[in-house]
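Let me begin by presenting the structure, written as structure tokens, before commenting on it.
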Amino acid sequence: MNADDVNRPEVVAEVAAAFAGYEKALVDGDADLVAGYFWESGETVRYGIADHQVGYDEQLAWRRAQPPLPPGRVLHDTRVTTFGTGHAVVTTLFGYPDRPFLGRQSQTWIRLAEGWRIAHAHVSEIPAPPA
């Protein structure tokens, strides 16, 4: 891979659109649609703030059991980095009004025949910096 293969604009746009769809489903509380953005494989891994799932089936069951997100989720510093036409990493910070923490989220996306899917994800939080 050479430097021309990193962040090809058309690939960045595809992944950014997939991420936007994922985020909308997450905010809308559509558990099945959110899970549908994950690779349907036993190899899929998601580490959450106080949980983790290995495999698509665990991810789907966990997602369906979760309450909706608090209102007002806001993303900051979202970055999409692509490698060739089949791999990408998306990172973002997120927060909620009146919540004293800053969330961090990273996802590894892969292109499959059915489209872009998340293969690995990590969510964590840290105390929010003073305002």
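Here, each number is a calculation from the coordinates, and none is a lab measurement. Everything numeric here is computed off the predicted structure, so don't read it as measured data. Cβ coordinates were reconstructed from backbone atoms using ideal geometry, including for glycine residues, and neighbour counts include every protein chain displayed.
Overview of results
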quantity	calculated
Lys, Arg +1 and Asp, Glu -1 on Cβ, resulting dipole of segment 3-127 about Cα centre, debye, nearest 20	260
Ranked list, fewest to most other Cβ atoms within 10 Å of each Cβ, for I110, I118	I110, I118
Cα-only radius of gyration and Dmax that characterise the chain, units Å	14.9, 45
Anisotropy class of segment 75-129 from Cα gyration tensor, a/c 1.5 cut	prolate
Residue among A31, L69, P127 farthest towards the positive dipole end of segment 3-127, charges placed on Cβ	P127
Neighbour count of at most 12 Cβ within 10 Å plus DSSP loop: longest GluC sites (Glu not before Pro)-free window in the chain	44-113
Under Karplus coefficients 6.51, -1.76 and 1.60, residue-wise ³J(HN,Hα) of segment 117-128 in Hz, glycine/proline x	9, 7, 9, 9, 9, 9, 10, 8, 9, 9, x, 5
Under 5 Å, built H, 5+ apart or other chain: amide partners of W116	none
Cα-derived Rg to Rh of segment 1-49, Kirkwood definition	1.08
